[in-house]
Amino acid sequence: MNSTCKISEIFESIQGEGIYIGEKHLFIRLLGCNLACDYCDTKTCDDKKAVTLTKSALYDEIKHYDANVISFTGGEPLLQSRFLADFLREYKGSLKKKIYLETNGSLPYRLREVIDFVDTVAMDIKLESATGEKNDFSTNDEFLLVARDTDVFAKVVFDENILDKEIFHIANLGLKHGIEIILQPKSPISKNLDMTGIFQKLYEKYPRVRLIPQMHKFLNLP
């Protein structure tokens, strides 16, 4: 049993991505990631500012915040899935907040440990054309099967290098699982990026899609 977790920061802000954009969330950023995406804006490998907290210490740290949603983010929070499961099992009832999990969608076996305590899953579909990380989409498929009883949606960061075969795989995941898909242009947005053209290509195959940039960048929020 993992009795502690490593956290790089805790802060309240406005959710700047996905279908709940504009909501006030309490962000708990867990340290570490199993991927190394080219566009990552989080220094997950630098643990100099990270703190190690027990379950009770984390509860004491966050219980006074008034945001109605706790967003566990990273890095990749599911690397510390056992701690999350133990923490939420013990304290979710006392916190009386919705639990929102932001994840890269690569660890379905770890998602199983926490899924009973999570209300919303925001899963990334990582495109090799944008991240440099290989993805055959089968792990995303398995992940969505685990998350299917939650309020789950997928976020896709893309740039002008997106491939037609990637659009095909995204659409197939949407069709199979019936999820909302958020197309998010990689920041900073390239002048060469035909956002609406790429949106239309996906929309023709799967219409439950929205085009939403990272709004916290425009609002100068963390």
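The values are calculated or read from the model by the stated rules, or taken from the named source; none is laboratory data. If you're wondering where the values come from, they're calculated on a predicted model, not measured in any experiment. Here Cβ is always computed from backbone atoms with ideal geometry, including for glycine, and neighbour counts include all displayed protein chains. Accessible surface is based on the protein model in full, side chains and every heavy atom, while ligands, DNA and RNA are left aside. Shrake-Rupley method; radii C 1.70, N 1.55, O 1.52, S 1.80 Å.
Rg over Rh for segment 1-131 works out to 0.93, both radii taken from alpha-carbon positions and Rh defined as the Kirkwood radius. Computed from the C-beta positions of Arg210 and Ser138 and an R0 of 25 Å, the FRET efficiency is 0.50 to the nearest 0.05.
Per residue, what volume in Å³ does the Cα convex hull of segment 117-161 take up? Value for segment 117-161: 69 Å³ per residue.
Annotation: per residue accessible area for segment 111-182 equals 42 Å², rounded to a whole number [probe 1.4 Å, protein chains only]. Inter-part distance, segment 189-210 to segment 146-161, computed on C-alpha centroids, equals 15 Å. Please give the helix 81-95 orientation as an angle from the longest Cα principal axis of the chain, in degrees from 0 to 90, rounded to the nearest 10. Helix 81-95 and the main axis of the chain meet at about 70 degrees.
Within segment 144-185, which residues have the backbone N less than 15 Å from the label spot 7 Å out from Ser129 along Cα→beta-carbon, could you tell me? The answer is 156-172, 183-185. Legend: calculated FRET efficiency, Glu113 to Phe168, from the Cβ-Cβ distance at R0 = 45 Å, rounded to 0.05, equals 0.90. Rolling a 1.4 angstrom probe over the chain with all protein chains present gives an accessible area of which 48% lies on carbon and sulfur atoms.
Close amide H partners of Lys155, meaning residues 5 or more places away or on another chain with modelled amide H under 5 Å apart, are Met123, Asp124, Ile125, Ile182. Rounded to the nearest 5, the antiparallel percentage of DSSP beta bridges internal to the chain is 30%. The order of the peptides 12-20, 106-114 by mean Cβ neighbours within 10 Å, most packed first, is 106-114, 12-20. What is the helix-to-structure angle for 164-177, meaning the angle in degrees between its Cα long axis and the longest Cα principal axis of the chain, kept from 0 to 90 and rounded to the nearest 10? Long axis of 164-177 versus the principal axis of the chain: about 50 degrees.
Sorted largest first, the spans of the alpha carbon positions of segment 124-222 along the three principal axes are 35, 30, 26 Å. Here the dipole of segment 1-149 is about 520 debye; that uses its Cα centre as origin and unit charges on the Cβ of Lys and Arg (positive) and Asp and Glu (negative). Peptides 155-165, 79-89, 54-64 ranked from most to least packed give 79-89, 155-165, 54-64, packing being the mean of other C-beta atoms within 10 angstrom over each peptide's residues.
Among 171-178, 189-196, sorting by the average number of other beta carbon atoms lying within 10 angstrom of each residue, highest first, gives 171-178, 189-196. A Stokes-Einstein calculation at 37 °C with viscosity 0.692 mPa s, built on the Kirkwood radius of the chain over Cα pairs, returns a diffusion coefficient of 184 µm²/s.
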